[in-house]
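Scroll down for the structure; my scribbles are underneath it.
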Amino acid sequence: MVKRAVLVGCNYANTNAALNGCINDVSIIYQILTERYGFSADDITILIDSRNPLPTGKNIKAALLRMVKSAVPGDVLFFHFSGHGVQVPSEDPKWIEKDGKDECIVPCDFNLIVDHDLKTIINQVPQGARFTMISDCCHSGTMLDGENVEIEGPKEDKRPGLISMLISAAVGQGRNFDLEADDLVVENRSLPLHVLEDVLRQKTGHDVNRGGNIHASLAELFGKDASKTSRKIRRIFTRIDSKLSEKFGKLFSGGDGKKTKRRGLFGSALGFVQDAFSGDSNTSAPPPPSSCASGYGGPADEESYYAHGYFDAAADAVEGHDDDDDDDDDDDAAKPQVPIEVPVLVTGCQSHETSADACPSGDKSKAFGALTNAISNVLAAYPNGLSNRDLVMNVRELLKSQRFPQNPCLECASPNAHVPFIC
């Protein structure tokens, strides 16, 4: 049996998304793995954005793939991410999230790793191996699209022993910062969409908006290294744009062949497709040739759209889009699906919440993620070990006592909730 780990910390220094405690989190987890759980330093890959190799989207996915593909039954695999999390609109028509959003982790180059990407990689874990992920970032709930959530929702005061646990943590591996100090500086690890849009706008040179072209812009910027989700969506939009331009060319040009103002409900949808690739967000085309009882300047109802063939054209463009994905990487190789009992995910919060990046006394050198710090303290209080479920329950209790509003979750199959953490 071999124990392998990938530890990632992104502080995003010198950007308007800078954090302080993520690299420190990696140091905390590295110490726990090597001193308590018997991981060899040679089997731990560390990616932090203060040295090379940097934790770019490409490098993180490559490190995870190496770890997964080298595993055999009985191995223990561990992935810790500390940095920004973000939710972007879910635009894949074949995989629509329940909340309409894709949960993503944010590498240092902002080449987002989407929840589907992580699940694709984990689906290659061999049967009989164990995979545990700690995601100390915002919107980390459902990061692996797990079907079973063992612990979620608001924290409750039902478990005893918090005082004794904190006393134990003070002399153990955990950090005993004064988290109730008035000068505790707390930020959240959520990357605002407008910051992501600004980054992509600067790098691509065209307008980026949350209404439709974030994924397409990521695919344009990072090419084959972008998320498969982003690449797929860009192909879909390219086909739709081509099909609709071919079938309804008048929608996109005026009498002089130039684009004119686009109006109407469906016209707005066409606009976001066209603008995603033209970069021209201030121009648009006339509405479909129809009377408009709705007041939008286009067909009045869904039936009218079907009558004009708009949806058929879009459907034709989307149909079969997965069949010619000629830029797929090794991570998309066909392999047996991993049983649901393999992945264990400990999240910093629920999908709609934020996770804290805290600086005691405003000292950035001592900054930490609230989740990672709590895990360290809880583990120090239980030298004989504890189950995944007990770990998360104690972490939730500790964070509540420290007045952090985030609600860590445990996502795994029920049997894995009761097995020892990591082992």
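The values are calculated or read from the model by the stated rules, or taken from the named source; none is laboratory data. Since the model is a prediction, treat every value here as computed from it, not as a measurement. Please note: Cβ atoms are built from the backbone with ideal geometry, for glycine as well, and neighbour counts cover all protein chains shown.
Determine, yes or no, whether P383 is of a type outside the set (S, T, Y) and under 19 Å from F78 (Cα atoms). No. With respect to (1) surrounded by fewer than 20 Cβ atoms within 10 Å (Cβ to Cβ); (2) without any contact (Cβ under 8 Å) to a residue 40 or more places away in the chain, the lone exception for S90 is condition (1). None of Y30, Y37 is within 19 Å of L371 (Cβ to Cβ) and out of contact with any Cys (no Cβ under 9 Å at 6 or more places or on another chain) except Y30.
Restricting attention to segment 363-391, and to residues there that are of a type in the set (S, T, N, Q) and under 25 Å from the mean Cα position of the chain (by Cα), which single residue is nearest to L33 (Cα to Cα)? Walk me through how you get there before you give the answer.
Keep residues of segment 363-391 that are of a type in the set (S, T, N, Q), which gives 365, 372-373, 376-377, 384, 387-388.
From the residues that got through so far, the ones that are under 25 Å from the mean Cα position of the chain (by Cα) too are 372-373, 376, 388.
Values: T372: 13, N373: 14, S376: 11, N388: 15 Å.
Here the residue is S376.
Scanning segment 3-30 for residues that are outside any strand (DSSP E or B), among the aliphatic types (A, V, I, L, M) and touching a helix residue (DSSP H, G or I) at 6+ places or on another chain (Cβ under 6 Å) turns up A17, I28. In segment 1-38, of all residues being polar (S, T, N, Q) and over 20 Å from the mean Cα position of the chain (by Cα), the one that is surrounded by the most Cβ atoms within 10 Å (Cβ to Cβ) corresponds to N24. Scoring A41 on the criteria (1) over 26 Å from N377 (Cα atoms); (2) surrounded by fewer than 19 Cβ atoms within 10 Å (Cβ to Cβ) leaves a single failure, condition (1). Looking only at segment 392-412, residues that are within 23 Å of the chain's Cα centre (by Cα) and crowded, with 17+ Cβ neighbours inside 10 Å come to 12 in all. Scanning segment 51-72 for residues that are small (G, A, S) and exposed (fewer than 14 other Cβ atoms within 10 Å of the Cβ) yields one hit, S70.
Being touching a residue at least 40 places away in the same chain (Cβ under 8 Å) and within 29 Å of D363 (Cβ to Cβ) holds for only one residue in N16, N59, N52, and it is N16. Filtering segment 182-219 to residues that are at pLDDT 85 or above, in a loop (DSSP other than H, G, I, E, B), crowded, with 23+ Cβ neighbours inside 10 Å and not basic (K, R) leaves only L191.
Among the residues making up segment 101-118, those that are charged (D, E, K, R) and outside any strand (DSSP E or B) are D109, D115, D117.
Of everything in segment 348-381 that's among the hydroxyl-bearing types (S, T, Y) and in contact with a Leu (Cβ under 8 Å, 6 or more places away or on another chain), which residue is modelled with the highest pLDDT?
S355
Filtered by the rule that a residue be part of a loop (DSSP other than H, G, I, E, B) and of a type outside the set (S, T, N, Q), segment 41-89 gives D49, R51, P53, L54, P55, A71, V72, P73, G74, D75, G83. Would you say S365 is under 19 Å from E187 (Cα atoms) and outside any helix (DSSP H, G or I)? No; evaluated as a whole, the condition is false for this residue.
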